[in-house]
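Some notes on the structure that comes next.
The values are calculated or read from the model by the stated rules, or taken from the named source; none is laboratory data. Small disclaimer: the values here were computed from a predicted structure and weren't measured. Positions of Cβ are backbone-derived with ideal geometry, glycine not excepted, and every protein chain shown enters the neighbour counts. We work out accessible area using only protein heavy atoms, side chains counted, and drop any ligands, DNA or RNA first. Shrake-Rupley method; radii C 1.70, N 1.55, O 1.52, S 1.80 Å.
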Amino acid sequence: QVQLVESGGGLVQPGGSLRISCAASRSIIGIATMAWYRQAPGKERDLVATFTSSGRTNYADSVKGRFTISRDNAKNTLYLQMNSLKPEDTALYYCYVYYGGHYWGQGTQVTVSS
């Protein structure tokens, strides 16, 4: 089993930056895929970015060039650096891990508003 705890969300103005984190309860070295999803009110949960153990990353078209996913194996932590934030980025952001099963964090709220 893996427990995931997100942090770092908050209120930011359009054009601003924010970095959110996801701390795992175990080593993430053996975890093949980690990802960030987001869900806006009244909408489905959408994939934002993925990071595999081989170092490959993948991004949704809506965030390419603005968001960067990374992982620190020594800290068992996944990050999402978000730059040039837009109001449409407002959502609850979830950390996801596949490790013999599907594991989700509780989410961290990101609100982009002036």
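Laid out as a table, the results:
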{"quantity": "Tensor-based shape of the chain (alpha-carbon gyration tensor, a/c under 1.5 rounded, otherwise prolate or oblate)", "calculated": "prolate"}
{"quantity": "Accessible area in the full protein assembly, largest first, 1.4 Å probe, for Ser113, Ser21", "calculated": "Ser113, Ser21"}
{"quantity": "Thr68-Thr33 pseudo-label distance in nm [points 7 Å out on the Cα-to-Cβ vector]", "calculated": "2.5"}
{"quantity": "DSSP bridge orientation in the chain - percent antiparallel, rounded to nearest 5", "calculated": "95"}
{"quantity": "Gained length - Arg19 relative to His102, 0.36 nm times residue gap less alpha-carbon distance", "calculated": "27.5 nm"}
{"quantity": "Net length gained if the chain between Ser114 and Glu44 were fully extended (0.36 nm per residue, minus Cα distance)", "calculated": "22.7 nm"}
{"quantity": "Relative contact order computed over the chain (Cα-Cα under 8 Å; 6+ residues apart), in percent", "calculated": "38"}
{"quantity": "Ser54 versus Val5: modelled label distance in nm, points set 7 Å from Cα along the beta carbon direction", "calculated": "3.3"}
{"quantity": "Trypsin sites (Lys or Arg not before Pro) restricted to segment 14-114 and DSSP loop, no more than 14 other C-beta within 10 Å", "calculated": "Arg26, Lys43, Arg56, Lys64, Lys75"}
{"quantity": "Charge-dipole axis of the chain as Lys and Arg at +1 and Asp and Glu at -1 on Cβ define it, positive-most pick from Tyr98, Gly42, Thr111", "calculated": "Tyr98"}
{"quantity": "Gain on full stretching of the segment that runs from Asp61 to Lys86 - 0.36 nm per residue minus C-alpha separation", "calculated": "7.6 nm"}
{"quantity": "Surface accessible to a 1.4 Å probe, Val5 within the full protein complex, Å²", "calculated": "80"}
